[in-house]
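Have a look at the structure below, then the notes.
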Amino acid sequence: MRNAIIHSNGMYVPERVVPNSYFDELLGENVSDWLEEFVEIYERRWAAEDESTADLAAAAARQAMERGNVKPDEVDLLIISTDTPEFISPSTSSKVQHMLGLRNAGTFDINTACAGFVTALDVGSKYIKADEQYQTVLIIGAYAMSKYINKLDKKTANLFADGAGAFILKGEKNSRRGLQASRLITHGQYHDYMGIFAGGTAQPVNHEALEKGDHLLTIAKKFPPEINPETWSAIARELSGRAGTDLKDYAQYFLTQININSIRETMDRLELPHEMAQTSMHYYGYTGSACIPLAFEDALQAGKITRGDSLMFIGSGGGLAFAGASFIY
């Protein structure tokens, strides 16, 4: 039996740093204090005007390939998770495949919003486990939400940011490492709470959509505040049980970085120290489908994880979609 291991990883954030003071000036009021005290975001990165989701994805992939000494011809499959795609059609992954020269790789995009990277981790791992023709799978979470925000909307403008993270998965025979258990959950009744609602077939971009701002990110309704901690902790318990690993024996928990207080509440529910959950929104802002691989890189650089460690990945995003994976690194 083969399992899918995390062979190497990479990340990329744009050069432009946007401090909280930018919004103080833009909005004509002090939002810095609230952001720093209650959200713990101090700055974020926004893509340049001529920098797109494909550019972010390709940069993260190049670092993962360089670190893992993986040549373009070796990649069998490319999966990109994003809800800020390069185009409505064709896929972002088709362009990134061309940019990276992955001439042997099949490609597709997935969109489970900010749960996407963990969904891609699950899907990519199962390709490797199920079919021997897939030995090397590149998964990327990429996010360029600054292109879709109304910069005068206090509910979104100062939270969302841009970046990309990549894992290269490889098949390894008779390995105790790799995917141990996974779970996908969707609560579709929340599909109209948050999103970019114009641009598809339900609401094409027209004069009315532009006037209403439906082509930009909209928070239409408020999610129940307990839904993330409640669901994240339930997924963690389920996956730890199925993996046969005690909750306290995971080296790190990587949770969607939308709200630091939700992360801390989740750890409290699991009766675990807050330090066991990496938080990386402080200098990146909220990077959606890229936030978990960015947090992984931060933990790796800080020496918080090493080969053989058990790791818990749990993502959530609009839809409302959740994805969890218990992995041995």
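The values are calculated or read from the model by the stated rules, or taken from the named source; none is laboratory data. Keep in mind it's a predicted model, so treat the numbers as computed, not measured. Methodologically, a virtual Cβ is constructed for each residue, glycine included, from the backbone with ideal geometry; neighbour enumeration extends over all protein chains shown. Side chains included, ligands, DNA and RNA excluded: accessible areas come from the protein's heavy atoms. Shrake-Rupley method; radii C 1.70, N 1.55, O 1.52, S 1.80 Å.
When a/c reaches 1.5 or more, the comparison of a/b and b/c decides; with that in mind, is region 162-209 rounded, prolate or oblate per its Cα gyration tensor?
The shape class here is prolate.
Could you work out the local net charge near residue 54, counting Lys and Arg as +1, Asp and Glu as -1, over the other residues with Cβ closer than 13 Å to its Cβ?
With Lys, Arg at +1 and Asp, Glu at -1, the net is -3.
Of 98, 14, 204, which is farthest towards the positive pole of the chain's charge dipole, taken about the Cα centre with +1 and -1 on the beta-carbons of Lys, Arg and Asp, Glu respectively?
Comparing the listed Cα positions along the dipole, 98 ranks first.
I'd like the accessible area for residue 99: 1.4 Å probe, protein heavy atoms, all chains in place, Å² to the nearest 10.
60 Å²
For labels at residue 87 and residue 223 in the simple 7 Å Cα→Cβ model, what's the distance in nm?
For residue 87 paired with residue 223, the spin-label model returns 3.1 nm.
Under a plain spin-label model, where a point goes 7 Å from the Cα along Cα-to-Cβ, how far apart in nm are residue 301 and residue 274?
2.2 nm
Any chance you could tell me what percent of the C-alpha pair distances in region 43-178 go past 23 Å? Mind showing how you got there, number by number?
On the way: 3030 of 9180 pairs.
The answer is 33 percent, as a whole percent.
Can you check how the C-alpha radius of gyration of the chain compares to 2.2 N^0.38 Å, as a plain ratio?
0.95
Please give the per residue volume of the convex hull enclosing the alpha carbon atoms of region 204-317, rounded to a whole number of Å³.
Taking only Cα atoms, region 204-317 has a hull volume of 131 Å³ per residue.
Given only helices, namely DSSP H runs of n ≥ 4 each adding -39500 (n - 2.57), what is the per-residue ellipticity at 222 nm of the chain, to the nearest 500 deg cm²/dmol?
On the way: 9 runs with 95 residues, N = 329.
Mean residue ellipticity at 222 nm (helix-derived): -8500 deg cm²/dmol.
Accessible area, 1.4 Å probe, largest first: how do 268, 55, 214, 50 sort?
50, 268, 55, 214
Around residue 286, which amide H atoms from residues at least 5 apart in sequence, or from another chain, sit under 5 Å from its own amide H, with H modelled in the peptide plane?
Answer set, sorted by chain and number: 160, 161.
Translational diffusion coefficient, Stokes-Einstein: compute it for region 267-311 using the Kirkwood radius over C-alpha pairs as Rh, at 20 °C and 1.002 mPa s, and state it as an integer in µm² s⁻¹.
This corresponds to a translational diffusion coefficient of 185 µm²/s.
Which pairs, out of 155/212; 126/173; 95/154; 147/221, put more than 25 Å between their alpha-carbon atoms? Let's see the in-between values first.
Numbers: 155/212 16 Å; 126/173 14 Å; 95/154 33 Å; 147/221 22 Å.
From 155/212; 126/173; 95/154; 147/221, over 25 Å: 95/154.
Evaluate the charge dipole of the chain about its Cα centre and quote only its size in Debye, nearest 20, assuming +1 on the Cβ of each Lys and Arg and -1 on the Cβ of each Asp and Glu.
1160 debye
Starting at the first residue of region 108-124, write each ³J(HN,Hα) from the Karplus equation 6.51 cos²θ - 1.76 cosθ + 1.60 with θ = phi - 60°, in whole Hz, x for Gly and Pro.
Per residue, the Karplus-derived 3J(HN,Hα) values read 6, 9, 10, 9, 10, 6, 7, 8, x, 5, 5, 4, 5, 4, 5, 5, x Hz.
Considering only DSSP states other than H, G, I, E and B, which GluC sites (Glu not before Pro) in region 253-329 qualify as loop sites with at most 11 other Cβ atoms within 10 Å? The partial results should precede the final answer.
Numbers: sites: 265, 271, 275, 297; in loops: 271.
When the GluC sites (Glu not before Pro) of region 253-329 are filtered for loop state and at most 11 Cβ neighbours within 10 Å, 271 remain.
For region 78-118, list log₁₀ I(q)/I(0) at each q in 0.26, 0.27 Å⁻¹, using the Debye formula over Cα point scatterers of equal strength and ignoring solvent, two decimals each.
-0.86, -0.90
If exposed trypsin sites (Lys or Arg not before Pro) are those in a DSSP loop with at most 12 other Cβ within 10 Å, what is the longest stretch of the chain that has none? The partial results should precede the final answer.
Numbers: sites that count: 103, 176, 221, 222, 307.
The longest uninterrupted stretch comes out as 1-102.
At q = 0.13, 0.20, 0.23 Å⁻¹, work out log10 I(q)/I(0) for region 148-244 with the Debye formula, treating every Cα as an identical point scatterer and leaving solvent out; two decimals please.
Values, matching the q order: -0.75, -1.12, -1.23.
Taking Rh as the Kirkwood radius, which is the inverse of the mean 1/r over Cα pairs, what is the Rg/Rh value for region 35-93?
Over the Cα atoms of region 35-93, Rg/Rh equals 1.09.
Pick out, in residue order, every one of the chymotrypsin sites (Phe, Trp or Tyr not before Pro) in region 87-126 that is DSSP loop and has at most 15 other C-beta atoms within 10 Å; say none if there are none.
Details: sites: 87, 108, 117; in loops: 87.
Loop-located and lightly packed - 87.
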